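Student: Supplied in structure tokens, the structure appears directly below.
The values are calculated or read from the model by the stated rules, or taken from the named source; none is laboratory data. It should be emphasised that the depicted structure is a prediction, and the values quoted were computed from it without experimental measurement. Counting neighbours? That spans all protein chains shown, and the Cβs are built from the backbone with ideal geometry, glycine included.
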Amino acid sequence: MIDFDPAPESDGERPRWQEGTDTFDRIYDVVLGVSSPTAYTDIADLAGCSPNAAKKHLDRLAEMGVVRADHDGRPARYERNAGYLEWQEASRIAADLSVEEIVDRVADLEERRSEYEARFGTTDPATVSVFETADHGTIHDRMNAVSEWRGVIRDIRLYEFARRLSQNDGHLIPA
């Protein structure tokens with residue numbers, strides 16, 4: 001039996017990766033957290049691998065559409081492809097819910113969107129000024145409402161995407 005110590009000795013650094021996580025998985029995990037173009041050498045540092053290994057796996061991920069590559073700069077830079085992540089999430093929704101459930105969810109979301117549009121008198125949350133008042137509480141409430149409104153718009157897009165996938169056997173357009 002292995003002894004268990006609830007407070008293992010530490011040099012202050014916790015291992016970032018679980019034992020057995022291969023280089024590709026580490027690169028994949030790191031790049032999903034990258035929201036702006038990042039040098040492959042920096043991604044290699046974060047993933048704990050060589051720059052050559054990072055570049056090889058990043059180029060593979062770029063071919064798969066998971067990341068976008070910018071080879072014009074030196075060193076080459078990579079960033080996650082938000083479209084890939086949306087496709088992945090929409091695919092999960094399509095697998096988990098029926099078309100009817102998706103349609104019902106979209107109807108609920110559209111109702112919430114309409115409520116925000118009526119509240120703020122516009123169809124675009126980007127046009128809302130959250131600083132129309134000097135009251136900190138009101139500013140905070142407006143910021144939260146605009147943020148939630150943007151989330152509702154994003155969710156409508158995802159659920160509509162999921163509906164198309166579900167109705168077309170995993171394709172965006174009928175086969």
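Student: What single numbered condition from (1) surrounded by fewer than 17 Cβ atoms within 10 Å (Cβ to Cβ); (2) closer than 30 Å to residue 38 by Cα; (3) free of Cβ contacts under 8 Å to residues at least 60 places away in the same chain; (4) polar (S, T, N, Q) fails to hold for residue 81?
Tutor: (1)
Student: Based on what the data block shows, is residue 68 farther than 17 Å from residue 23 by Cβ, of a type in the set (Lys, Arg), touching a residue at least 12 places away in the same chain (Cβ under 8 Å) and not in a helix (DSSP H, G or I)?
Tutor: Criteria met by residue 68.
Student: Go through (1) in contact with a helix residue (DSSP H, G or I) (Cβ under 9 Å, 6 or more places away or on another chain); (2) under 30 Å from residue 51 (Cα atoms); (3) assigned to a helix (DSSP H, G or I) one by one and return the number of the condition residue 92 breaks.
Tutor: It fails just one condition, (2).
Student: Also, quick follow-up: Can you tell me which residue in the range 93-149 is surrounded by the fewest Cβ atoms within 10 Å (Cβ to Cβ), limited to those that are of a type in the set (Phe, Trp, Tyr) and closer than 23 Å to residue 159 by Cβ?
Tutor: Within the range 93-149, the match that is surrounded by the fewest Cβ atoms within 10 Å (Cβ to Cβ) is 120.
Student: Out of the range 114-140, which residues are modelled with pLDDT of 90 or more and either in contact with an Asp or Glu (Cβ under 6 Å, 6 or more places away or on another chain) or in a helix (DSSP H, G or I) (or both)?
Tutor: 114, 115, 116, 117, 118, 119, 120, 123, 125, 126, 127
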